[in-house]
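A short worksheet on the structure shown next.
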Amino acid sequence: MSALAKAKPAEFHGILLYTKAYRERDLLIKFLTREFGKKMFLVHGAKRPKFRMRAAILPFTYGTYFGDLKADGLSYLNNYKGIDHFQGITADITKNAYATYVMALLDLAFEDGIRIPKWYDQLLTGLKLIDEGFDEAIITNIFEIQLLAAFGVEPNWVDCSICHRRDLPFDYSEAYGGLICQNHFDRDPYRLHLDQKTIYFLRLFSVVDLTKLTHIKVSQATKKSLRRVIDQLYTRSVGVIPKSKRFIDQLDKFKL
């Protein structure tokens with residue numbers, strides 16, 4: 001057995017991304033860990049009624065865990081301390097849906113085993129905001145925009161992609177990979193024809209620090225416009241959409 005294949009005992013901070021049935025009594029549990037990136041754990045006996053770690057592997061749980069970690073393949077979960085749950089997310093179907101989608105999107109954006117402590121912190125902050133009552137759709141939009149780079153798509157939200165001016169009204173051009181100013185609207189007949197409020201929030205979301213976010217108010221019309229353009233970016237430029245997004249789309253239809 002190679003050194004890479006050997007499991008090493010480790011303590012880690014983890015956010016539970018999802019669980020999956022495995023054999024008759026076991027579960028596969030995927031964590032985003034701060035120290036080791038995304039890791040899949042085999043938890044023996046997790047389906048037993050009196051399993052001792054049941055509280056630590058419920059959906060929307062985070063905290064400190066102990067396990068035997070492998071660089072490749074399945075790791076093993078052994079114990080935990082100081083865990084907590086996002087109770088508000090668990091109790092609300094809409095918050096639940098958006099939080100699940102954000103975690104699925106992050107899961108798709110990065111390979112397993114790659115350290116991404118920045119995104120661990122970002123996810124923890126974002127889930128706490130949703131849990132505490134912040135608009136889940138807006139938090140999700142922020143993640144969607146900021147995760148584009150991880151998918152290899154990096155729109156220019158800073159200035160005009162042609163002349164680099166910043167003092168004129170903008171629109172989004174897929175052909176130019178970002179914003180273009182009104183002096184160059186004629187360069188792209190297929191620009192998205194976005195209103196300036198939508199442009200403002202797209203630019204804001206690309207740079208906003210969730211840890212400093214205290215209040216943000218977006219009208220329903222602008223939220224619909226943001227949803228439309230972000231969906232278009234992911235469909236045309238990213239090409240990867242988690243299955244959990246379908247449920248959000250269904251929820252949005254019920255609200256209309």
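Residues in the range 216-243 that are under 14 Å from residue 147 (Cβ atoms) and of a type in the set (A, V, I, L, M): 230, 233, 238, 240, 241. For residue 104, are the conditions met, namely being in the same structural domain as residue 210 (by TED's automatic domain parsing), in a helix (DSSP H, G or I) and buried (at least 22 other Cβ atoms within 10 Å of the Cβ)? In short, no.
Scanning the range 203-256 for residues that are within 22 Å of residue 154 (Cα to Cα), part of a loop (DSSP other than H, G, I, E, B), in contact with a helix residue (DSSP H, G or I) (Cβ under 8 Å, 6 or more places away or on another chain) and free of Cβ contacts under 8 Å to residues at least 60 places away in the same chain yields a total of 1. Can residue 56 be described as of a type in the set (Gly, Ala, Ser), surrounded by 14 or more Cβ atoms within 10 Å (Cβ to Cβ), assigned to a loop (DSSP other than H, G, I, E, B) and in the same structural domain as residue 8 (by TED's automatic domain parsing)? No; evaluated as a whole, the condition is false for this residue.
For residue 180, the criteria (1) within 30 Å of residue 116 (Cβ to Cβ); (2) not in a loop (DSSP other than H, G, I, E, B) hold in every case but one, which is (1). Return yes when residue 80 is without any contact (Cβ under 8 Å) to a residue 40 or more places away in the chain and among the aromatic types (Phe, Trp, Tyr) and no when it is not. Against the criterion (without any contact (Cβ under 8 Å) to a residue 40 or more places away in the chain and among the aromatic types (Phe, Trp, Tyr)), residue 80 qualifies. Answer with yes or no whether residue 155 is closer than 24 Å to residue 107 by Cα, in contact with a strand residue (DSSP E or B) (Cβ under 7 Å, 6 or more places away or on another chain) and either in contact (Cβ under 8 Å) with a residue 40 or more places away in the chain or surrounded by 15 or more Cβ atoms within 10 Å (Cβ to Cβ) (or both). When the stated conditions are applied, residue 155 passes them. Of all the residues in the range 107-127, those that are outside any helix (DSSP H, G or I) and either of a type in the set (D, E, K, R) or under 23 Å from residue 203 (Cα atoms) (or both) number 3.
Across the range 73-90, the qualifying residues are those that are surrounded by fewer than 18 Cβ atoms within 10 Å (Cβ to Cβ) and in contact with a Ser or Thr (Cβ under 9 Å, 6 or more places away or on another chain), and the one among them that is nearest to residue 19 (Cα to Cα) is 85. Only a single criterion out of (1) in a helix (DSSP H, G or I); (2) out of contact with any Lys or Arg (no Cβ under 7 Å at 6 or more places or on another chain) is not satisfied by residue 130, namely (2).
When you scan the range 166-179, do you find a residue that is surrounded by 14 or more Cβ atoms within 10 Å (Cβ to Cβ) and in contact with a Lys or Arg (Cβ under 6 Å, 6 or more places away or on another chain), even just one? Yes - at least one qualifying residue is present in the range 166-179.
Can you name the condition, by its number, that residue 35 falls short on among (1) in contact (Cβ under 8 Å) with a residue 24 or more places away in the chain; (2) surrounded by 14 or more Cβ atoms within 10 Å (Cβ to Cβ); (3) touching a Leu at 6+ places or on another chain (Cβ under 7 Å); (4) of a type in the set (D, E, K, R)? So the condition that residue 35 fails would be (3). In the set (1) at pLDDT 95 or above; (2) within 26 Å of residue 128 (Cβ to Cβ); (3) of a type in the set (Asp, Glu), residue 159 fails one condition alone, (2).
Does at least one position in the range 191-202 carry a residue that is hydroxyl-bearing (Ser, Thr, Tyr) and part of a helix (DSSP H, G or I)? The answer is yes; a qualifying residue exists.
The condition of being at pLDDT below 95 and out of contact with any strand residue (DSSP E or B) (no Cβ under 9 Å at 6 or more places or on another chain) holds for only one of 135, 72, that being 72.
The values are calculated or read from the model by the stated rules, or taken from the named source; none is laboratory data. Treat the numbers as computed from the prediction; the structure is a model and nothing was measured. All Cβ positions, glycine included, derive from the backbone under ideal geometry; neighbour counts span all protein chains shown.
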